[in-house]
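Report on one structure; see the data block that follows.
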Amino acid sequence: MGRPPSVDRAEIEGLYRSYGALVRRRARSILNDDREAEDALQEVFVRVIKSVADFRRQSQPSTWLYRITTNLCLNRVRDARRRRARLASVGDSAKAIPPTATGPAETAATVHNLLAQLPQDLAEIAVYYFVDEMDQAEIARLLGVSRRTIGYRLERFVAQARQLLAEAGVAPPGGLGVPKTEGESG
Amino acid sequence: MTEPPTDPPNDIALPGAPARRRLGPGCASDLTLDQLATGELSVAERAATLGHIGLCAACGQAHNRLQESRATFASTANLAALAADALSRAQATTSQRRWLFGWAPRLALPVGLSAAAVVMALALLMPSSGVAPPDTRTKGGFSLSTYVKHPDQESAGTLHLGEPLHPGDRLQFRYNGSDAGFLTVVAVDGAGQISIYFPPGETAQKIQPGRDLPLPSAVELDGTLGREIIVAVRCAAPIAVSDVVAAARRAQSLAGNNGRPAPDIGPLGLPCVEARQEITKIAQPKTR
């Protein structure tokens, strides 16, 4: 077969030991499905193997893996939504996840559904902010953009999410908006 | 649209989601907690984060949750198997790339010639006879016709049923079907290795209805001898090639559990239409 990657199995095992839980947890958070998360875990590590030279140069591999995992999972979420739409259009029984939120599972489904429908640049930032609990300055450093840009995109994300929920006839619990009492120094 | 004139508020509520756990500026994100665990924080960052975790119940709980997640993964995941699988997948995509590059120099022979000359070079790979090629037609589905070009031959010909193949032979497929869709072709060889034969990209390629429509790439057979099962998958919607490979891997695992040797695998279990073909590779004869 083809040339083997310039990395051996022991090194890959070590990377799984250090970062496997991180990647799997993040994939599970975004994909909301254990089996999908397992597949994503493997796909991320295939990318690590294929870009092992780049990976070894990273001073903070976790940051690199966060971005790879996020974008890969968001692509999967979108692909799955397109497949559902395509299948639904030809009469398949597949149904989109209803955008409602009354408990933890429903909240996860709501977030998952929103991520599938909103632009990738907004969805990526939303994951960092709402799932990973980063503050805006941290996301700005990660993506190499200004903090104002991050705040602006987050507001766009929330506005579009509210519109989607309104179109679906779902009233989000707890109200929407931008709390002004809690502050992060970001 | 332009950016807002002032800094935006720093806390934004996600519709339908619970409030974020962060309560103050010292609170740690999951990334920071992960970096604490993997030793990526500076001494000062580490000290500040540990100090905060000791004081902040929310961050302490988040830290414990991540630690538990790491411990669970370490105790339940088969790291050796995961590593072997990832290496195998990486090699499969590498070998796919090799085939494509292996093909390219020959297509590049007419460099400097006109595009028409390139088309002629491609045409040499087309079958020279009208004999019906072997294919596998699926009910309501499609079939692939297979053509082979041996290294010492000028043109490709129909692959006849039962005709043995050799390492270095090149295969090209043609699509026959009345439906459009998104096509992926994978193969399982006698060693159990799964390879991607089509398409070269990461997503199944759109295919139009038609008869004898050549797929725009070819594959060169490697040195693994024995039977090989070629599985073509046509889906109604775009699908990641990696998803097809993962389905083949699951089918292979299931077949292995049922005592079936490679390359025998059952249906891939995708919501798509499959067509299959079996080929056999034998050692290259000294003289053809």
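Here, each number is a calculation from the coordinates, and none is a lab measurement. Model, not experiment: these values are computed from the prediction. We place every Cβ from the backbone using ideal geometry, glycine too, and count neighbours over all the protein chains shown.
Within a 10 angstrom radius of the beta carbon, how do B:His150, A:His112 rank from fewest other beta carbons to most? Please report the intermediate quantities before stating the final value.
Numbers: B:His150 16, A:His112 19.
If I rank by nearby Cβ atoms, fewest first, I get B:His150, A:His112.
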**Fill in**
So for segment B:205-288, using the alpha carbon gyration tensor with a ≥ b ≥ c as root eigenvalues (a/c under 1.5 gives rounded; past that, a/b versus b/c decides prolate or oblate), I'd call it oblate
**Request:** Rounded to the nearest 0.05, what FRET efficiency do A:Gln58 and B:Asp212 give with R0 = 45 Å and r taken as the Cβ-Cβ distance? Could you check?
**Result:** 0.40
**Prompt:** What is the distance, in nm, between label points placed 7 Å from the Cα along the Cα-to-Cβ direction at B:Gln153 and at B:Leu55?
**Reply:** 7.9 nm
**Complete:** Distance in nm between A:Glu11 and B:His160 label points, each 7 Å along Cα→Cβ, equals 5.0 nm
**Prompt:** Using mean Cβ contacts within 10 Å as the protection proxy, how do A:9-15, B:262-268, B:242-248 order, highest first?
**Reply:** B:242-248, B:262-268, A:9-15
**Prompt:** For A:Thr70, B:Thr184, B:Thr76, what's the fewest-to-most ordering of other Cβ within 10 Å of each Cβ?
**Reply:** B:Thr76, A:Thr70, B:Thr184
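Given a Förster distance of 30 Å, report the FRET efficiency between A:Gln117 and B:Ala80 from their Cβ-Cβ distance, rounded to the nearest 0.05.
Working: r = 39 Å, r/R0 = 1.32.
According to the calculation, E is roughly 0.15.
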